[in-house]
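Peer 1: Have a look at the structure that comes next, please.
The values are calculated or read from the model by the stated rules, or taken from the named source; none is laboratory data. Since we're looking at a predicted model, the values are computed, not measured. So basically every Cβ, Gly included, is an ideal-geometry build from the backbone, and we count neighbours across all protein chains shown. Side chains are part of the model used for accessible areas, which takes the heavy atoms of the whole protein and leaves out ligands, DNA and RNA. Shrake-Rupley method; radii C 1.70, N 1.55, O 1.52, S 1.80 Å.
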Amino acid sequence: MTPRLTRWGVLIPLLGLVLIVLQSELRRRSGTEWPLKIVGYDPRDLIHGHYLRYRFHFDAASSETACLQGQRLAAACCLCLEPTSDPRAPEVRPVPCEAARECSAWILSSEVQPPLRYLIPEADAPALERALRLHDAVLRIRALSDGTISVGDLELDGRPWSEVVREAAEPRDE
């Protein structure tokens, strides 16, 4: 085998990997960002290994009953996202997917069905679990044009979770 073929044999897979990473990063940065409130999926064990298990919390008062099947959204329904006067709390309402195209942004029902997991460093798990019980949790997502989401940062009371956990661990001067 010639050295030229060997170089191409190494470069082509490497180029493919770089393209996959670039595509993933472009997807993560596209769409519109929305803060969505989350709650623990299993209140007895919020943190499991390297993951926070959660579910999105939506106001059921404005729900379209045709889209609800108990606690779950019907497969033919989407979530319509609209801005409100409070930038930390968008209006989220279930609508049939055919009507979702008229929304500012929309999410497929399959994207928000539990169980959902957020990766965290395992060393921070106990402190984060305590902080989640004391603070309102919001997950920043990006609603992409195809109805899927890209998960962003976890915030507690409007601040990055790592900052809240670090402050709680610092000794206090009294």
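Peer 1: State which residue is farthest from the chain's Cα centre (by Cα) when the search covers only the stretch 85-97 and only residues that are in a loop (DSSP other than H, G, I, E, B) and modelled with pLDDT under 90.
Peer 2: Selected residue: 86.
Peer 1: A follow-up question, please. Go through the stretch 24-50 and give me each residue that's at pLDDT 80 or above and either aromatic (Phe, Trp, Tyr) or farther than 29 Å from residue 88 by Cα (or both).
Peer 2: Answer for the stretch 24-50, where residues must be at pLDDT 80 or above and either aromatic (Phe, Trp, Tyr) or farther than 29 Å from residue 88 by Cα (or both): just 34.
Peer 1: While we're on this one: Among the numbered conditions (1) part of a strand (DSSP E or B); (2) free of Cβ contacts under 8 Å to residues at least 40 places away in the same chain; (3) surrounded by 18 or more Cβ atoms within 10 Å (Cβ to Cβ); (4) not acidic (Asp, Glu), tell me where residue 164 comes up short.
Peer 2: (1)
Peer 1: So which residues in the stretch 135-174 are within 12 Å of the chain's Cα centre (by Cα) and among the hydroxyl-bearing types (Ser, Thr, Tyr)?
Peer 2: 148, 150
Peer 1: Exactly one condition in (1) surrounded by fewer than 19 Cβ atoms within 10 Å (Cβ to Cβ); (2) modelled with pLDDT of 90 or more is false for residue 81; which is it?
Peer 2: All conditions pass for residue 81, except number (1).
Peer 1: Also, quick follow-up: Of the numbered conditions (1) closer than 21 Å to residue 90 by Cβ; (2) modelled with pLDDT of 80 or more; (3) in a helix (DSSP H, G or I), residue 21 fails exactly one; give the number of that condition.
Peer 2: (1)
Peer 1: A follow-up question, please. For the subset of the stretch 135-161 comprising residues that are open to solvent by less than 30 Å² (accessible area, probe 1.4 Å) and polar (S, T, N, Q), which member is farthest from residue 75 (Cα to Cα)?
Peer 2: Here the answer is 150.
Peer 1: Quickly run through the stretch 119-134 and pick out the residues that are under 15 Å from the mean Cα position of the chain (by Cα) and open to solvent by 30 Å² or more (accessible area, probe 1.4 Å).
Peer 2: Once the filter is applied, which keeps residues that are under 15 Å from the mean Cα position of the chain (by Cα) and open to solvent by 30 Å² or more (accessible area, probe 1.4 Å), the stretch 119-134 yields only 119.
Peer 1: Restricted to the stretch 75-132, and to residues that are small (Gly, Ala, Ser) and touching a strand residue (DSSP E or B) at 6+ places or on another chain (Cβ under 7 Å), which residue is nearest to residue 155 (Cα to Cα)?
Peer 2: Filtering the stretch 75-132 for residues that are small (Gly, Ala, Ser) and touching a strand residue (DSSP E or B) at 6+ places or on another chain (Cβ under 7 Å), the one nearest to residue 155 (Cα to Cα) comes out as 131.
Peer 1: Something else now. If a residue must be surrounded by 19 or more Cβ atoms within 10 Å (Cβ to Cβ) and at pLDDT below 90, how many such residues does the stretch 98-108 contain?
Peer 2: Going through the stretch 98-108 one residue at a time, the tally reaches 1.
Peer 1: Name every residue in the stretch 121-148 that is without any contact (Cβ under 8 Å) to a residue 60 or more places away in the chain and hydrophobic (A, V, I, L, M, F, W, C), in order of residue number.
Peer 2: Hits for the stretch 121-148 are 123, 127, 131, 134.
Peer 1: For the stretch 101-124, give me the residue count where each residue is part of a strand (DSSP E or B) and hydroxyl-bearing (Ser, Thr, Tyr).
Peer 2: Residues that pass the stated criteria total 1.
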